[in-house]
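S.K.: Quick one: the structure is below, questions incoming.
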Amino acid sequence: MNHDMNALHAALDKVLAGQRDAFRVVVREYGLGVRGFIASQLYHLDDVDDLAQDVFLAAFENLASFRRGDDFGAWLRGIARNKVKMYFRSRMRRENALERFRSEVTELVEPDLERATQAVQEEQLTRLLHCISKLPDKMRRIVQGGLEGQKAQTLAETMESSVAVIYVTNHRAHKLLRECMARKGA
């Protein structure tokens, strides 16, 4: 991306002088790049926006530590890299606690759960496969790739697209699948 360094430095000077609104120039100029960087490492599109917001908040709060002459985009990506690491650590802690809870609950209700699950799974799987078959070809290929464990980068290369387009299309496909499953279940 070709950022105007003079405009960037002018905006940074204004922010450091107390004009908080000048930071919008930074967000507008670097927002897409930061979101793309984060999206290339995450699966959930909703989490990308939250983390990008955290990155810009951290950048705003630590702006005085940015050394003029350094690559501002690289500085933001460094912040983003740290936010993504913290995201994964936090997510792992939550998932571990949740997994322990699930394990305890499953032991208590496993016999009843097994009987009920068998019947429901077959019906839902049939409905889900029907809903997937109704998706447009590109969405269906992305969903199938996700089910097969393909990374967004690999899907993007295979489909001659960008990672951001893969994430957005996948998000839309999941929304359509949820709507289809809700209609079929009603």
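S.K.: Show me the three semi-axes of the equivalent ellipsoid for segment 5-88, from the C-alpha gyration tensor (sqrt of 5 times each eigenvalue), largest first, rounded to whole Å.
M.R.: Equivalent-ellipsoid dimensions as semi-axes: 23, 12, 11 Å.
S.K.: Using the structure shown, select from Lys83/Lys134; Lys85/Lys151; Lys14/Lys151 the pairs with a Cα to Cα distance greater than 30 angstrom. Walk me through the numbers on the way to the answer.
M.R.: Working: Lys83/Lys134 37 Å; Lys85/Lys151 18 Å; Lys14/Lys151 41 Å.
In this structure, Lys83/Lys134; Lys14/Lys151 exceed 30 Å between Cα atoms.
S.K.: Kindly point out which whole DSSP H helices in the chain project their C-alpha atoms 20 angstrom or further along the helix axis while averaging a Kyte-Doolittle hydropathy of 0.0 or above.
M.R.: Qualifying helices: 23-39, 45-61.
S.K.: Write down Rg/Rh for segment 50-99, rounded to two decimals, with Rg from the C-alpha atoms and Rh from the Kirkwood relation over Cα pairs.
M.R.: 1.13
S.K.: Per residue of the chain, what 222 nm ellipticity follows from adding -39500 (n - 2.57) for every DSSP H run with n ≥ 4, rounded to the nearest 500?
M.R.: Calculated at 222 nm, the ellipticity per residue is -28000 deg cm²/dmol.
S.K.: When only alpha-carbon atoms are used, what values of Rg and Dmax, in angstrom, describe the chain?
M.R.: 21.9, 68
S.K.: Taking the Cα centre of the chain as origin, work out the dipole magnitude from +1 charges on Lys and Arg Cβ and -1 charges on Asp and Glu Cβ, in debye rounded to 20.
M.R.: 320 debye
The numbers here are math on the coordinates, done by the rules we state, and not lab data. Note that the structure is a prediction, hence the values are computed from the model and not measured. Neighbour counts run over all protein chains shown; Cβ positions are idealised from the backbone, glycine included.
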